[in-house]
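Please read the structure below before turning to the comments.
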Amino acid sequence: MSTKKYNWDEIISNFQQSKLSQAEFCRQNKLNAKYLNLQLSKRNFTKSKNTQSDTAHKKSVFVKVIQSDSQITTAASITIELNHIKIKIQQNDPNWLADFCKAMV
């Protein structure tokens, strides 16, 4: 049974600089891809926990949306082009535009 010790910080640094896929990097360096993936996951998790401002390693970011009481005006338009005929309809009422599109079907 082999109990080799690896310097994963150095291996991961080499991997990131190589621009290779995990599989190809592991093939070239005779590493088990599962272990590299595990070590990458551990380090990404640790980094994002330790540095709250570092969003590069986070997979998703949630942003709180605050809705104001003011009325939002939307301008909706549609352009229909068939052969050489082009019709552009500008309508401020999205419900009207939705009804128009349904009627065209």
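Do you know which of the residues in segment 1-30 that are of a type in the set (D, E, K, R) and over 18 Å from N44 (Cβ atoms) is farthest from the chain's Cα centre (by Cα)? Among those that are of a type in the set (D, E, K, R) and over 18 Å from N44 (Cβ atoms), it is K4.
Got a sec? Which of K49, K64, K59, K30 is at pLDDT 90 or above and surrounded by fewer than 12 Cβ atoms within 10 Å (Cβ to Cβ)?
Details: K49 fails: at pLDDT 90 or above; K64 fails: at pLDDT 90 or above; K59 fails: at pLDDT 90 or above.
One residue alone meets the criteria, K30.
Report, by residue number, each residue of segment 67-82 that is at pLDDT below 70 and not in a loop (DSSP other than H, G, I, E, B). Before the answer, list the steps.
Filtering segment 67-82 for residues at pLDDT below 70 gives 69-76.
Across segment 67-82, the qualifying residue is only A76.
The values are calculated or read from the model by the stated rules, or taken from the named source; none is laboratory data. Note that the structure is a prediction, hence the values are computed from the model and not measured. Cβ coordinates were reconstructed from backbone atoms using ideal geometry, including for glycine residues, and neighbour counts include every protein chain displayed.
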